[in-house]
Amino acid sequence: TPVAMSVFDAIVAGNGDAATAATRKALDDGHKPQDIINGQMISAMSEVGQRFQDGKAYVPQLLMAGRAMKSALELLKPMLSGTKSATVGKVVIGTVKGDLHDIGKNLVASMLEGCGFEVINIGIDVPASDFVDAIRENEPDILCMSALLTTTMTYMKDVISALEEEGIRDKVKVMVGGAPVSQHFAEEIGADGYSDNANSAVKVARKLVG
Ligand code: B1M
């Protein structure tokens, strides 16, 4: 029988079936979902990102690794619940215009959901007008924006300006995140909260509604 791949290796190889099988095995071996995500899945994506940056991997590899992580993550999603009280708040979440990265955003969405937030996930490549519409329609406590590119993170500022122009900025808290985003940047664009990972995103969200 072939030697089973680790979750890390399977995601780096872009093999969804192997990634799912390895995730199931890791659970059977007693590993916690959070440890599998942080210790294996995210580090595998960093590895692929590094290879891409070094010219040793190309866009198809990024795409395949992303797909592999997504399918393996499906297995863990139902287990991502923390201390659930009744609904603690409502969130609209999306990746900003020009940006197609959604794995981190979906992870944040799953964590929030697992911890009792009602989450309306409006997807990727979201223009300011769609954020405005979603806020009008759903009246969330928090607007969450994600960006993975230095070229798209600046659009978060445009969305906040749109909220101001539409007179709804004070109706919603704004939380931002994603690899290139920093606390400093969040403050600069006038966001109310920032987090650099999905776990602390829940803490920040709780504070914002608290
Ligand atoms: Co792209 N990509 N990508 N990519 N990609 C990066 C981001 C990059 C860093 C790779 C690299 O060069 N090392 C680089 C960006 C450089 C920069 O701007 N500084 C890059 C590039 C250049 C590109 C393209 C331009 C490549 C090209 O076409 N030439 C292109 C752009 C497309 C576009 O968006 N318009 C592109 C495309 C893609 C794919 C579509 C192929 C694919 C995405 C698939 C998908 O998402 N469905 C992809 C991938 C997979 C990556 C890497 C390898 C992995 C991203 C990921 O999923 N990470 C990435 C390298 C890297 O991250 N190391 C890279 C795992 C995920 C769990 O982490 O998303 O950071 P992350 O989310 C974290 C935190 O950031 C935080 O919590 C999450 C969990 O801890 N977080 C929040 C995220 N959102 C939050 C919101 C919050 C709070 C926390 O509150 C609201």
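The values are calculated or read from the model by the stated rules, or taken from the named source; none is laboratory data. None of these values were measured; they are calculated from a predicted model. Here the Cβ is made from the backbone with ideal geometry for all residues, glycine too, and neighbour counts use every protein chain on show.
Side notes on the structure shown:
- Residue match in region 67-90 (condition: among the polar types (S, T, N, Q), within 23 Å of residue 17 (Cα to Cα) and touching a Lys or Arg at 6+ places or on another chain (Cβ under 9 Å)): no
- Complete set of residues in region 110-134 that are polar (S, T, N, Q) and either modelled with pLDDT under 95 or assigned to a helix (DSSP H, G or I) (or both): 110, 129
- Residue 146 vs. criteria of a type in the set (Gly, Ala, Ser), within 8 Å of the ligand (Cβ to nearest atom) and at pLDDT 95 or above: yes
- Within region 48-97, considering residues that are within 16 Å of the chain's Cα centre (by Cα), within 12 Å of the ligand (Cβ to nearest atom) and hydroxyl-bearing (Ser, Thr, Tyr), the one modelled with the highest pLDDT: 95
- Test result for residue 172, in contact with a helix residue (DSSP H, G or I) (Cβ under 6 Å, 6 or more places away or on another chain), within 8 Å of the ligand (Cβ to nearest atom) and under 30 Å from residue 79 (Cβ atoms): no
- Positions within region 103-125 being closer than 21 Å to residue 42 by Cα and in contact (Cβ under 8 Å) with a residue 40 or more places away in the chain, in sequence order: 103, 104, 105, 107, 108, 110, 111, 112, 115
- Residue within region 199-208 that is surrounded by fewer than 18 Cβ atoms within 10 Å (Cβ to Cβ) and in a loop (DSSP other than H, G, I, E, B) present: no
- The one condition in (1) β-branched (Val, Ile, Thr); (2) farther than 22 Å from residue 129 by Cα; (3) modelled with pLDDT of 95 or more that residue 174 fails to fulfil: (2)
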